[in-house]
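A quick write-up on the structure given underneath.
We did not get these values from a lab; they are worked out from the coordinates using the rules stated. Just so it is clear, the model here is predicted, and its values are computed rather than measured. So basically every Cβ, Gly included, is an ideal-geometry build from the backbone, and we count neighbours across all protein chains shown.
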Amino acid sequence: MKGNKSYGWRGLGIALVALLALPAIAQAQSWVALTHPAPFNPNDMEQLTDGRILVQQYSPSSGVDEYWALAPDSTGSYVNGTWTQVASLPSGYSPLYHTSQVLADGRVVVAGGEYNFLSADWTKLAAIYDPVANTWASLAAPTFFANIGDAQSVMLPNGTMMMANSVANQDAILDPTTLLWTSTGTGKKDNNNDEEGWNLLADGSVLTVDTPTAFGNDGERWVNGVWSSDGMSPVNLINRGEGQEEIGPALLLPTNGTVFYIGGAGPNAIYTPIANSVGTWAAGPTFPNQGGQLGVADGPAAVLPDGDVLVGASPGIFSTPTVFFDFNPTTGSLTGVTAPPSANTEACYNGRMLVLPTGQIMYTNLLNSNSGAAYIYTDPGVSKHAWAPVVKKFPATVTHGSVNNVIKGTQFNGLTSGCSYGDDAQCSTAFPLVRITVGAVVTYCRTHNHSTMGIATGTEHVSTEFDAPATLPIGAGTLEVVANGISSKPVNITVN
C-alpha cells in the first residue's frame, strides 16, 4: 500500500524553499485574481457543458462534501464570474484525491477517493451529478473492485468511461446508459495502477507509464481491452521518496501529436505514438535545481491555446514552493513563468488547472491559507486555425428555450485533453461547448449527446446537441463551438 498525500498540514512542517529568480521569464503573460473570490477553499474543477465551472470545496476540518459552480458574466468573463452553491454529495461520501469525468450527456461522475471525510481508506464509493436537475445520486462501484481510491480514469471515444482500481491492476468501463461496469484491461505488466496517469491518444488507445520500482518508466498502452508494452522512457520519470512513487501529468500536444510526459524527479520525456506499433520515447528538457531539484510529483499542467504547456513544479515530494514554467514543443525549451501569489507557500500537488472556454487557465490551490484563492492565467499566444472546431451544419434560427438543437462539423472535441494531473484530479475539456453572442451578451448553451468523446478526430464528421436557455437574448447574433479554449469561426444565427 502506498504512502499518503497530506490533506491539510504537511506543508507547515517543511521549511519554505526560497523562490529563486527564474531565468528567461516569459513576457506578456499575467495572473489575475477573481473579482469575486470563492467563499470556500477551491479544489478539483470540471468544465460543465453549460459553460459553468464545477468546483469542489475543501474543508480541512470536516471534509469536502460540497460543490459550487462559477458562472461567467454576461460578457463571458470568468474573472468577473459569480459563485452559486450546488447540491451536496450523497450522505456518507466526501472524497479527497479522487477520479472524475464529464460524460457525453453532460453529467459528472465522481468516484473513489484516497480519503473519505479525511480518513484514509481508498474508498469505493461513487456518485453522479445531473447539472440540469442539480442533484447527486449514488453510483455503484464495479462489483469486482475492492477499492477505487485515488484512481485513474479517462473517457473513451465511444462515450464510455474507463476507470482503475488504484491499488490493484483491475480496470473497468462504465456504460453511461445503464450505469453498469464491465471488466477490461487484461495483460497489464505491473501488479497495480498506483500513482500512474492515463492519457487518451488520437487513435482511441490509452497510454500510461508504470511507477512500481520493478517496472518504473515502462510504457504500456491499452487497446481494445488489452494492455501491452509500449517502449520505455529513456529518463527517470518517477520520484521515489518518503515511501512514495510519484509521477507528473502528461498531455497530447496539438503542435506535433507527441505526448509531453512530465516527470516527478526533474527529467521529462517526449512520446511519439505510432499507429499499430510501439511508440518511441525521447528525453525532454529537465527542470532546473532551485533550492532543490524541481519536478512534478503530482501536480497540474494545461495546454495553452498556442500549443505550449503551462506546468507547476516543486522541489522533492510535497515541498514548497510551486514554480511555473512554459514548455514550448517546437523549441523543446522550458521557460520560467511568473507565479500567482498563492504559489510561494504551497506544493504543486495542491494545485489544479482547468482550460477555460476563453483560452485562459484557471488555477486553484486547495491548501492555501487565503481561503478562496483562485487565479486566471492569460497567455498572449494564438492558436492555429487548423486546431479549431469547424461548424458545417447548424440551425440558422433557434428559439430561446428550445432543446436538442443539432450542430455538426469537425474537430468538436479538440486535439488534446486540455489539462492533466499525475494520477487523480482529471479535468479534461475535450468536448464541445456552444457559445452564442447577441449584441454584447455572451451565453453558453448546454451541450449533450456528443457523437464522440475522441480527440484529434481530423476530418471525421461529428455532432452534438445544444439547448438554448430561456435567458438567451432575441435577435441576430453569432454561434461558436469551443473545445479546449479554442473556438470555431463564428457563424451567423438568429434567436427568436
Among 431, 142, 193, the residue whose Cα sits farthest towards the positive end of the charge dipole of the chain (+1 at Cβ of Lys and Arg, -1 at Cβ of Asp and Glu, taken about the Cα centre) is 431
Reduced to Cα centres, the span from segment 78-115 to segment 124-189 in Å works out to 14 Å
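Explain nothing, just the number: relative contact order of segment 386-495, from Cα pairs under 8 Å at least 6 residues apart, as a whole percent. Display every interim value, and only then the final one.
Details: 296 pairs, mean separation 40.7, N = 110.
It comes to 37 percent, rounded to a whole number.
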Selected from 111, 49, 333, residue furthest toward positive end of dipole (the chain; charges at beta carbon):
49
Which peptide among 331-341, 308-318 comes first, and what is the full order, when sorted by highest mean count of other Cβ atoms within 10 Å?
308-318, 331-341
What ranking, highest mean first, results for peptides 263-270, 392-399, 404-411 when packing means the other Cβ atoms within 10 Å averaged over each residue?
263-270, 404-411, 392-399
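When only Cα pairs under 8 Å and 6 or more residues apart are kept, what is the percent relative contact order across the chain? Working shown, then result.
Working: 1537 pairs, mean separation 75.8, N = 496.
That works out to 15 percent.
Going by how many other Cβ atoms sit within 10 Å of their own, how do 348, 445 line up, fewest first?
Details: 348 31, 445 24.
Sorted ascending by nearby Cβ count, the order is 445, 348.
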